[in-house]
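First the structure, in the form of structure tokens, and then the observations on it.
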Amino acid sequence: MNERKSEKVPLGKRIAFAMGEVGDNTAMQTFSFLIFTFYFAIVGLPVIWISGGFILWSLWNAINDPLIGYLSDRTKTKWGRRTPWMLGATIPLAIIMILLFTPPLALNSDIINFIYFFIILILFDTTYTAFNLNYNAVFSEMYVTMEARSSTGKVRISFVMVALIFAFLLPTLIIEDITNKIPANIDITLAQYQLTGIIAAVVIIITYFIILKWGVKEPKYISKDAETAMSFGKTLKTTFKNKSFLWFLIPALGTWIVINILPTLAPLFMIHALGATDTELIGYALALQFIVAAISTPLWEKIRVKKGARMAGLIGIATWIIPIIVFAFSINMEMVFIVQIFNGIGLGGGLYFYDQCIAEIIDEDEIRHGTRRSGIYYAVLNFFIRLSMVINFILIGIVFSTTNWQEYNPNPGVDTILGLQILMGVFPAIMLVLSLIGLYFYPIKGDKLKENRRKLTELHEEKQKSRE
């Protein structure tokens, strides 16, 4: 790619940096996996209230995410732009993981529980965004060459598997009645949810300490870009005028809609549509898909080397469409486990293009404006990831309301089962087709990608010389 020097990253540094994936994914996937089932089946909030909470949450995200990204890009400290934000978010996020599962049930009020639910959503999003946004931003700043990004990216994806043990398997080993089919045992179930939150908090603190201690070292010549950052209005304007980014947002939104809806509805779907009696099987089935996705990384890297990140994404998403439909209409858990292998391969391609393409977009933006603005791009991207969850919950609210499942009933009817199957298969397939279209028109490819790499190398050499 016309880079003037290779960049070998020591394995220890890559491992320390990738530990952030364990805490990051433990937080987000535990949230995605349990938040809806907990407040719908355990707390007993009507689905319309939950959907409304997520809609209001999206309004907060529209302000919170870009603002944090903008402030991060302008942060000037002796520790850099990103590290203070990551450090400041660690303990609060761990505390929020525990508070997720400690609603004031004793007051027996939907209004009070809804207010608590909404406040928790805002607190979770703020603390999680403060870490996640800066963690991803510093990745594209610390590792500039494709060689460094690829070698570190492989370790990151591998560590996602570790995170999934905590996010998917551990809750199903601890929580015996995950959907509250036996209401008389609710006190035990509530305590088991809370124990899950405590363990997640411990994992977050340990892994975030490792990355902050040994994994992050911000390049000083890039950190000084805070001095040339644009105003907030101009930052947003130039970001949304970036055609490469706008095309990228289509597959990013589409794939995250699919990624988020699977764990969100998995407990209800597998127990009520597939008749799963062992909650551990739910965790194993979900983890299998993500583990296969991680194992498939060398395949997608090979395609990326030969054809580019865009082509890896196109092939991965196309591979994902049929299995996701078959998954939703599986007849038993045995069939689910087989289909999840193929879902995992497609998911692997979907995740791989995502990390690689956003780094390419930030590179191109830096070439154009002279200042690296990773924070605002990841902020807008985070907003669209949250938007994917909001879209899911709006659709879930509509389907559940029209199939007479507005409030949790451990014995849903045939229409509700069909609704679950559509939400888990047909809807995701449509989103993946739209993602294919968006990624097809993604413009950073071939000669343009090579030219961007050459210009970026020259720009960084100039920055190093001028700021030494």
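Remarks
- Once the stretch 368-390 is narrowed to residues that are among the basic types (K, R) and farther than 19 Å from I250 by Cα, the residue that is most open to solvent (accessible area, probe 1.4 Å) is R368.
- Filtered residues of the stretch 173-193 (kept if in contact (Cβ under 8 Å) with a residue 40 or more places away in the chain and either touching a Leu at 6+ places or on another chain (Cβ under 8 Å) or outside any helix (DSSP H, G or I) (or both)): I175, E176, D177, I178, T179, N180, K181, L190, Y193
- Qualifying residue in the stretch 382-390 (condition: over 18 Å from the mean Cα position of the chain (by Cα) and in contact (Cβ under 8 Å) with a residue 60 or more places away in the chain): no
- Filter result for W79 (open to solvent by 40 Å² or more (accessible area, probe 1.4 Å), in contact (Cβ under 8 Å) with a residue 12 or more places away in the chain, in contact with an Asp or Glu (Cβ under 7 Å, 6 or more places away or on another chain) and farther than 16 Å from L133 by Cα): no
- Test: residue in the stretch 405-420 that is open to solvent by less than 10 Å² (accessible area, probe 1.4 Å), of a type outside the set (F, W, Y) and in contact (Cβ under 8 Å) with a residue 40 or more places away in the chain: yes
- Every pair of residues 6+ apart whose Cβ atoms lie under 9 Å, when the first sits in the stretch 213-242 and is over 25 Å from E458 (Cα atoms) while the second is loosely packed, with under 14 Cβ neighbours inside 10 Å: W214/G12
- Residue among I437, I396, I444 that alone is β-branched (V, I, T), open to solvent by 70 Å² or more (accessible area, probe 1.4 Å) and modelled with pLDDT of 90 or more: I437
- When the stretch 152-183 is filtered for residues that are open to solvent by 50 Å² or more (accessible area, probe 1.4 Å) and within 13 Å of A41 (Cα to Cα), the ones remaining, listed by number, are K181, I182, P183.
- The criterion of at least 2 residues that are farther than 30 Å from T239 by Cβ is met, among helices (runs of 4 or more DSSP H) falling completely within the stretch 374-468, by 374-402, 414-421.
- Filter pass, Q356 being touching a residue at least 40 places away in the same chain (Cβ under 8 Å) and closer than 20 Å to I250 by Cβ: yes
The values are calculated or read from the model by the stated rules, or taken from the named source; none is laboratory data. Model, not experiment: these values are computed from the prediction. No Cβ is skipped: glycine too gets one built from the backbone with ideal geometry, and neighbour counts run over all protein chains shown. Side chains included, ligands, DNA and RNA excluded: accessible areas come from the protein's heavy atoms. Shrake-Rupley method; radii C 1.70, N 1.55, O 1.52, S 1.80 Å.
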